[in-house]
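What follows is a set of notes on a single structure, which appears directly below.
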Amino acid sequence: HQDIVKKGDNNVGNVTLSYITKAKTFQDGHFVLEKDYSKKFRLKDGSSIEVASTVGLIRENQQDSLAVSINDNFKLLLLADGMGGMKEGEKASYYTVKIIKDLFEYENGEYLNNITKEKLQEVLFNIVYEIKHYLGEQSGTTLVFALICKDKTYVVSIGDSRIYTIEDGVINLITYDDSVSFEQFRPFTSYERDRLRFYVHNNRITNSIDKYTIPRINVSELDNYRYDTICLMSDGISDLLQESTIRECLVNKNSASNLIKLTKSGPIPYNEYPSSIFYDYLNLGKDNASTIVYKKKRK
């Protein structure tokens, strides 16, 4: 548990917290991300940010990347899930969050006083083209991020990573998965989304950041008073845990680390309504799992 009272690692402008997943590049060019970690930061305003990630129980490589940047003008939370079926998914996720974080820190966030959904979308289109220069021929990633300004929070999603909020103990899904399952079944309730975890094509996404395609940049906004907690997560969590379980973690202490633990140690989820297009069960720890949880100061 760390008190943030000094400038971040990058020492840019008035940044008070600058955090990003650790990465190493070896002599043979092999790129490796930190596999397992959990950290909690307490901010000056009494709020807190938790980050946690695990490589899981089956995969050898970590392909999820997290980044956080906090200053007097904004709080920026970034999570990218490198596409496991593609080469160098870890590079795609890492450079995506790094480039966005560095650009927002460099600009110092002063222009955010007049930001709108349309302006943010335009900025992100330009940033995505910059990111493409760092991607390999078969490299891609999803992205979710929350930009928390003075009165508004701007939510961005590309792919099937998610953002949830908690308001007065009620969980709300803020993003909509860019996936075959969501486009086919259009789930609007927790029950429907919980069931889709067992769909055979659940992990087929229809939108991503990669070398050659132009992604759909989904941007929405919500008033800051409309939530107490906001949570970003990769599908390594949402594919395994029911939304009721996610909610229970988010309203309690150590939310991020508990979410990660449950992806590897919880009871094996069982599909109550098996059919030819649904699996019977899911394997624990089958994927990398990562989350960022921001909680406001308790009144």
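The values are calculated or read from the model by the stated rules, or taken from the named source; none is laboratory data. Quick caveat: nothing in here was measured; it's all calculated off a predicted structure. Note: ideal-geometry Cβ built from the backbone for every residue, glycine included; neighbour counts use all protein chains shown. We work out accessible area using only protein heavy atoms, side chains counted, and drop any ligands, DNA or RNA first. Shrake-Rupley method; radii C 1.70, N 1.55, O 1.52, S 1.80 Å.
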(request) Please work out how much accessible surface CYS249 shows to a 1.4 Å probe, ignoring ligands, DNA and RNA, in Å² rounded to 10. (result) 10
(request) Using the structure shown, list the pairs from LYS150/LYS297; LYS35/LYS296; LYS152/LYS296; LYS119/LYS297 with a Cα-Cα distance above 18 Å, or answer none. (result) LYS35/LYS296; LYS119/LYS297
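Which value, in Å², gives the accessible area per residue of region 207-285 when a 1.4 Å probe is used on the protein heavy atoms? List each step's numbers first, then the result.
Working: 3880 Å² over 79 residues.
Each residue of region 207-285 exposes 49 Å² on average to a 1.4 Å probe.
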(request) Just order 164-170, 74-80, 101-107, 60-66 by mean Cβ neighbour count inside 10 Å, highest at the front, would you? (result) 74-80, 60-66, 101-107, 164-170
(request) Let me know the charge dipole size of the chain about its Cα centre in debye, to the nearest 20, where only the beta-carbon of Lys, Arg (+1) and Asp, Glu (-1) is charged. (result) 780
(request) Report the residue, chosen from TYR273, TYR212, TYR191, that carries the largest GNM mean-square fluctuation when the chain is represented by alpha-carbon nodes joined by springs under 10 Å. (result) TYR273
(request) Might you work out the accessible area of GLU248 for me, using a 1.4 Å probe with all protein chains in place, and round it to the nearest 10 Å²? (result) 110
(message) From Cα pairs below 8 angstrom and at least 6 apart in sequence, can you work out the relative contact order of the chain, rounded to a whole percent?
(response) 21
(request) Kindly write out, for region 129-144 in residue order, the coupling ³J(HN,Hα) from the Karplus curve 6.51 cos²θ - 1.76 cosθ + 1.60 (θ = phi - 60°), rounded to whole Hz, with x marking Gly and Pro. (result) 5, 5, 4, 4, 5, 9, 8, x, 4, 10, 9, x, 7, 8, 7, 10
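Evaluate E = 1/(1 + (r/R0)^6) for ASN114 and ASP223, where r is the Cβ-Cβ distance and R0 equals 22 Å; express this FRET efficiency to the nearest 0.05.
On the way: r = 17 Å, r/R0 = 0.78.
Once the sixth-power term is evaluated, E becomes 0.80.
I need the Kirkwood Rh of region 59-201: take the reciprocal of the average 1/r across all distinct C-alpha pairs and report it in angstrom.
Details: mean 1/r = 0.0607 Å⁻¹.
Across region 59-201, the inverse of the average 1/r is 16.5 Å.
Compute, for region 114-269, the length of the dipole vector about the Cα centre, with Cβ point charges of +1 (Lys, Arg) and -1 (Asp, Glu) only. Units Debye, rounded to 20. Working shown, then result.
Numbers: 18 positive and 21 negative charges, 48 e Å.
Roughly 240 debye for region 114-269.
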(request) Would you mind getting me the FRET efficiency between ILE214 and ASP28? Use the beta-carbon distance for r and R0 = 35 Å, nearest 0.05. (result) 0.60
(request) Report ³J(HN,Hα) in whole Hz for each residue of region 166-177, in order, from the Karplus equation J = 6.51 cos²θ - 1.76 cosθ + 1.60 where θ = phi - 60°; Gly and Pro get x. (result) 10, 10, 6, x, 9, 8, 9, 7, 8, 9, 10, 4
(message) How long are the semi-axes of the equivalent ellipsoid of region 206-299, defined as square roots of 5 times the Cα gyration tensor eigenvalues? Whole Å, largest first.
(response) 25, 23, 13
(message) Using the Cα centre of region 13-56 as origin and beta-carbon charges of +1 (Lys, Arg) and -1 (Asp, Glu), tell me which of TYR19, VAL32, LEU43 is placed farthest towards the positive end of the dipole.
(response) LEU43
(request) Please work out the Cα convex hull volume for region 171-216 and give it in Å³ per residue. (result) 85
(message) Based on C-alpha coordinates, I'd like the Rg and Dmax of the chain, in Å.
(response) 18.1, 56
(request) Calculate the radius of gyration of the Cα atoms of region 142-299 to one decimal place, then report Dmax, the largest Cα-Cα distance, as a whole number, both in Å. (result) 15.5, 50
